[in-house]
1. Of the listed peptides 70-79, 47-56, what is their order by residue-averaged count of other C-beta atoms within 10 Å, with the highest listed first?
2. How high is the FRET efficiency from ASP39 to LYS60, r the C-beta distance, R0 35 Å, rounded to 0.05?
3. Determine the equivalent ellipsoid of segment 23-80 by diagonalising the alpha-carbon gyration tensor, then write out the semi-axes as square roots of 5 times the eigenvalues, largest first, rounded to whole Å.
4. Tally Lys and Arg at +1 and Asp and Glu at -1 over the other residues with C-beta under 12 Å from the C-beta of ASN24: what net charge comes out?
5. Rule-of-thumb check for the chain: C-alpha Rg over 2.2 N^0.38 Å?
Amino acid sequence: MSKEAHLYIAHILESIDYIEQFSNGYNRENIFQDRMRYDAILRNLQTMAESATKLPDSIKELYKNVPWRDIAGFRNILVHDYLEGLDHNVLWQVISNELTVLKEAMLAEKNN
């Protein structure tokens with residue numbers, strides 16, 4: 001694995017770790033009421049998604065259960081559509097359910 005791939009995997013795992021820390025103890029109804037927490041989560045989602053899009057195809061091929069295209073699309077929404085307002089239900093779904101698959105894949109790849 002290339003040095004760059006290691007860096008992207010580290011960014012992904014670090015971002016997911018921060019998102020988990022920032023969302024711990026919160027639920028869908030109250031997590032977005034704290035503006036600094038909300039901004040921190042968005043920033044880490046953006047970093048995570050950006051790093052995931054830069055992973056080499058060889059890694060993406062190994063983890064077909066990760067929705068790579070959805071992650072790239074989500075990144076575009078985070079970066080370009082923020083003025084339109086982000087759907088909190090979608091954000092909560094990503095935070096509470098969708099990150100697990102990516103995290104498990106990146107931990108497996110890191111440990112290879």
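1. Numbers: 70-79: 16.1, 47-56: 20.1.
Per-residue Cβ counts within 10 Å, averaged per peptide and sorted highest first, yield 47-56, 70-79.
2. On the way: r = 29 Å, r/R0 = 0.83.
The formula returns an efficiency of 0.75 here.
3. Working: eigenvalues 140, 31, 17 Å².
Semi-axes, largest first: 26, 12, 9 Å.
4. Values: positive: ARG37; negative: ASP17, GLU20.
Taking every other residue near ASN24 into account, the sum is -1.
5. Values: Rg = 13.8 Å, N = 112, 2.2 N^0.38 = 13.2 Å.
Its radius of gyration relative to the 2.2 N^0.38 Å reference: 1.04.
Bear in mind that the values in this text are calculations on the coordinates, not laboratory data. From a predicted model like this one, the values you see are computed outputs, not experimental measurements. For neighbour counting, all protein chains shown are included, and Cβ atoms are generated from backbone atoms with ideal geometry for every residue, glycine included.
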